[in-house]
Amino acid sequence: MSFRIPCPQCGERSAYEFRFGGEVLTRPQAGADDDAWYHYSFVRRNEMGIQTEWWYHRFGCRQWLQAVRDTRANRVIRAYFPDGKEQTDLGTGES
Amino acid sequence: MQLFSNGQMWRSHELKPSYDVAIVGAGVHGLATAYYLGRLFGIRKIALLDKGYLGYGASGRNTAILRSNYRTPEGVRFYNAALKLYEGLSAELEWNLMFSQCGHLTLGHTDTAVAGLRVRAETNQLLGVDSRIIGPDEIQKLVPHIDCSSAPRYPIMAALYHPPGGIIRHDAVVWGLARACDRMGIEIHTRTEVTGFRVSGRKVESVITNRGEVAADTVVNATAGWASTICKMAGVSMPIVSHPLQACVTEPLKPFLNAVIVSASLHVYVNQTGRGELVIGSEIDPYQSYSMKGTLPTLEQMASSALELFPQLHHIRVLRQWAGICDMTPDFAPIIGRCEELDNFQVDVGWGTYGFKAAPAAGRYLAEAIATGKTPDIIAPFAPDRFRRRQLVGEKAAAAVSH
């Protein structure tokens, strides 16, 4: 199902104005072991439920934002510009 | 050969407390695995567990295209084994799968696309796969109605022609395999949703379903779309993201297209079924999702791309549009074999947009791996630990457009 994303700069817009940037991940620290890099590079939670993800508003303000979305119904719960603090995941996998 | 079905193709059963093999997912991959376990290795105490009905998932949502003109030697060898098995499957199952080897054309509209097709043609030929580059004249002869002029925005420059490719009736494949499994005493349990696994140490002891718990010596995850969800239940993480893939079918027309047409540049593929309908498929949706609802932007894209190739279809109506969920892997190749974390948990997952055409080979060689405990060479490159070893099988050039 197609859906809309409430861009904090431009307001609610079609998802097709945005480029999907994948799940929000935490980059391993310098010197992390191979296992950490393997998980960061390849493994995904692929949540069937609520997950936090990156979107780039390419046909709008051209800024990267984060959205909290239910991947079962494509319902976007909220979207915001990350404030610099590492925002890993607001998803519970339940709801 | 039995011309008319007299009775049920497969039966329902009560769940038994234990089986030799429990297979999660009774789609074409799960069925093929069970079929070859029973036929080649005499393992028949098998339960296939599926949350829906047969053909509900990717086995009934794909565009029924078969081909083996892949990019990597590992991929070409593997998909060609599948194509060869499909060629003999109607006779083997005594069930007409309506396999039409009408030929498969991958169009190149740019110099770089044609260069990519050339690499594939060379790799294919080295491995004995019938595949070659043809120019617009030959394309026009094979497909008289395609627009090979300079009028389109991206004129057709060349095509990778793969004569053994074609289309098959995907429901028939599922039904034929299900009937053959049933005749061997293999149990098919539909409406049986797996909700968890009982894991002890490095072993899956049993599978928990909405109809009760079953113990099994070997557990196979042969699901598509929900492969990572099922793996998660066993505590296994996967390098998979699930994207919807959409397709549509038009009203029937007189036969005019006797080849599968694919354009990677236009992100579209078109074939005409035995009933005359045009099946048009798209690229995967550009975001992760488990929703199987179609979208208007994708329908518009499929229609406009198909019209670039066949402008005379502008007045044709679309009958249906649908979506299936594709488990995409980082290298566009599947993940087959025993999981690193568990000793008796086999996966046959990560089938992205290319699972249907691979099913007989995946089932045949995974069955061998289960029966003998040794991984056959042909599926070894697709082992689950290849990402950890950084030995990827880069198949994107031949699999990124979902045909």
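The values are calculated or read from the model by the stated rules, or taken from the named source; none is laboratory data. Everything numeric here is computed off the predicted structure, so don't read it as measured data. Cβ: placed from backbone, ideal geometry, glycine included. Neighbour counts: every protein chain shown. Note: accessible area is taken over every heavy atom of the protein model, side chains too, but ligands, DNA and RNA are not part of it. Shrake-Rupley method; radii C 1.70, N 1.55, O 1.52, S 1.80 Å.
Considering only DSSP beta bridges where both residues belong to the protein assembly as shown, give the percentage that are antiparallel (nearest 5).
Around 75 percent antiparallel, to the nearest 5.
Please build a GNM for chain B, connecting alpha carbons under 10 Å apart, and tell me which residue among B:Arg77, B:Arg44, B:Arg153 fluctuates the most.
Of B:Arg77, B:Arg44, B:Arg153, the Gaussian network model singles out B:Arg153 as fluctuating most.
Out of B:Pro360, B:Pro252, B:Pro381, any idea which swings most in a Gaussian network model of chain B, alpha carbons joined below 10 Å?
B:Pro252
Return the unpartnered cysteines for chain A, using a Cβ-Cβ cut-off of under 4.7 Å.
A:Cys61
Search the structure for amide H atoms under 5 Å from the amide H of A:Gly22, placed 1.01 Å from N in the peptide plane, and list their residues when 5 or more places away or on another chain.
Under 5 Å from the amide H of A:Gly22: A:Trp54.
Taking 2.2 N^0.38 Å as the expected size of a compact globular protein, what ratio does the Cα radius of gyration of chain B give against it, to two decimals?
0.97
Taking a threshold of 26 Å on the Cα-Cα distance, which of the pairs B:Lys45/B:Lys203; B:Lys357/B:Lys396; B:Lys84/B:Lys254 fall above it?
B:Lys84/B:Lys254
Specify the inter-centroid distance of the range A:1-50 and the range B:210-273, based on alpha-carbon positions, in whole Å.
So the separation of the two Cα centres works out to 22 Å.
Rounded to the nearest 100 Å², what's the accessible area chains B and A bury against each other, both chains counted, probe 1.4 Å?
When B and A are taken together, about 2300 Å² of accessible area is lost.
Report the charge-dipole magnitude of chain B in Debye, nearest 20, computed about the Cα centre from +1 at each Lys and Arg Cβ and -1 at each Asp and Glu Cβ.
Dipole size: approximately 320 debye.
On the accessible surface of the protein assembly as shown, probed at 1.4 Å, how many percent belong to carbon and sulfur atoms?
Carbon-and-sulfur percentage of accessible area, whole number: 51.
What is the distance, in nm, between label points placed 7 Å from the Cα along the Cα-to-Cβ direction at B:Ala91 and at A:Asp33?
Output for this residue pair reads 5.5 nm.
Loop-only check: which trypsin sites (Lys or Arg not before Pro) in the range B:255-336 are DSSP coil with at most 15 other Cβ within 10 angstrom?
B:Arg275, B:Lys293, B:Arg317
Using only the C-alpha atoms of the range B:245-383, find the volume of their convex hull and express it per residue in Å³.
Dividing the Cα hull volume of the range B:245-383 by its residues yields 140 Å³.
So which residue, out of B:Val318, B:Val262, B:Val241, gets the largest mean-square fluctuation from a GNM of chain B using Cα contacts under 10 Å as springs?
B:Val318
Would you tally the net charge around B:Pro164, using a Cβ to Cβ cut-off of less than 13 Å, leaving B:Pro164 out, and scoring K and R as +1, D and E as -1?
Overall, the nearby charge balance is +2.
So, taking all protein chains as they sit and a 1.4 Å probe, how much accessible area belongs to B:Tyr53, in Å² rounded to tens?
Surface accessible to solvent at B:Tyr53 totals approximately 120 Å².
If the viscosity is 1.567 mPa s and the temperature 4 °C, what Stokes-Einstein diffusion coefficient in µm²/s follows for the range A:4-89 when Rh is the Kirkwood radius over Cα pairs?
94
Please give me the summed charge of the neighbours of A:His57: other residues whose Cβ is under 11 Å from its Cβ, Lys and Arg +1, Asp and Glu -1.
Neighbourhood net charge equals +3.
State in Å² the accessible area per residue of the protein assembly as shown; use a 1.4 Å probe, count heavy atoms of protein chains only, and round to the nearest integer.
Value returned for the protein assembly as shown: 42 Å² of accessible area per residue.
Toward the positive end of the charge dipole of chain B, about the Cα centre and with charges on Cβ (Lys, Arg +1; Asp, Glu -1), which of B:Pro330, B:Leu48, B:Gly75 goes farthest?
About the Cα centre, the residue reaching furthest to the positive side is B:Leu48.
Work out the mean other chain Cβ neighbour count within 10 Å for the residues of B:288-300 and drop it here as an integer.
5
Give me a comma-separated list of calculated 3J(HN,Hα) values for the range B:138-146, in order, Karplus coefficients 6.51, -1.76, 1.60 applied at θ = phi - 60°, integers in Hz, x for any Gly or Pro.
6, 4, 4, 5, 6, 10, x, 9, 7
Which of the lysines could be linked to B:Lys51 by a straight reach, that is with a Cα gap under 22 Å, when you skip same-chain ones fewer than 8 residues away?
B:Lys16, B:Lys232, B:Lys293
Just for chain B, what percent of DSSP beta bridges are antiparallel, to the closest 5?
70
Less than 12 Å Cβ to Cβ from B:Leu392, Lys/Arg counted +1 and Asp/Glu -1: what total charge do the surrounding residues give?
+1
Taking only the alpha carbons of the protein assembly as shown, what extent do you get along each of the three principal axes, in Å, biggest first?
Extents along the principal axes: 68, 65, 41 Å.
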